[in-house]
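Here the structure is laid out as structure tokens; the discussion comes afterwards.
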Amino acid sequence: MQVRELYDDHALFAAIAKGDEKAFNVFFDKYRLKIYSFILRSLRSEKLAEELTHDVLLGIWVQQERLLDIANPQGYLFAIVYNKIYSALSQLAKERQIDRSVFPEIADNSTMESLDARISAELMEKVIRTMPEQRQKVYRMSREAGMSHAEIAEALRISQNTVKNHIVDALYYLREQLKDAGIPLIIILFWPF
């Protein structure tokens, strides 16, 4: 059995909270690529994905004393990643707004498409937040964290069938809520892109 298999996320968090560098290295190896891939899919910038992945993982080490109080390590990690992405998108939006005000001629079609995508993303996020908590959690773990049904079932201690039902219900709900907004079904199915 490998060292990585000896640690579950709660044990890793507990060990990291005590300053265990070996546990942090295991955690780092376990989540670095998942975090990086998710951020890269969300922001489409390798440099920014690398920076934010580093920030997230470093933040876990720097704030290690908080880890003992975390009931859902994966949920906590996802929340940090989500907040980093949201902050990065907000910063990018501010920078582009400044660019448009200083250089209005750069507000071309690609900028408008990007703005449409962001508006769609904001609308999707608002609808997702109205879902029941468990459905929302399962949906985010599947679509945003890229976890399999089996991984979600294990993390939440529910059956894979329940996971599947939550995802089906979430997709149906999204489709119904967003059909009047003109967001194509393909975007809903593969969100985040």
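If I ask for residues that are loosely packed, with under 14 Cβ neighbours inside 10 Å and small (Gly, Ala, Ser), which ones from the range 12-33 would you list? Selection gives Gly19 alone.
Hey, does the range 19-31 have a residue that's within 13 Å of the chain's Cα centre (by Cα), of a type in the set (Val, Ile, Thr), in a helix (DSSP H, G or I) and modelled with pLDDT of 90 or more? So far as the range 19-31 goes, no, none of its residues is within 13 Å of the chain's Cα centre (by Cα), of a type in the set (Val, Ile, Thr), in a helix (DSSP H, G or I) and modelled with pLDDT of 90 or more. State yes or no: is Ser87 part of a helix (DSSP H, G or I) and touching a Pro at 6+ places or on another chain (Cβ under 6 Å)? Judged against the criteria, Ser87 is not a match.
Looking only at residues of the range 154-186 that are more than 23 Å from Tyr36 (Cα to Cα) and small (Gly, Ala, Ser), we find that the one that is modelled with the lowest pLDDT is Gly182. The residue that is modelled with the lowest pLDDT, among those in the range 32-73 that are basic (Lys, Arg), within 14 Å of the chain's Cα centre (by Cα) and assigned to a helix (DSSP H, G or I), is Arg41. Number of residues in the range 39-54 that are touching a helix residue (DSSP H, G or I) at 6+ places or on another chain (Cβ under 8 Å), surrounded by fewer than 17 Cβ atoms within 10 Å (Cβ to Cβ) and touching a residue at least 24 places away in the same chain (Cβ under 8 Å) equals 0.
The values are calculated or read from the model by the stated rules, or taken from the named source; none is laboratory data. Note that this is a predicted model, so its numbers are computed, not measured. Cβ atoms come from the backbone with ideal geometry, glycine included; neighbour counts cover every protein chain shown.
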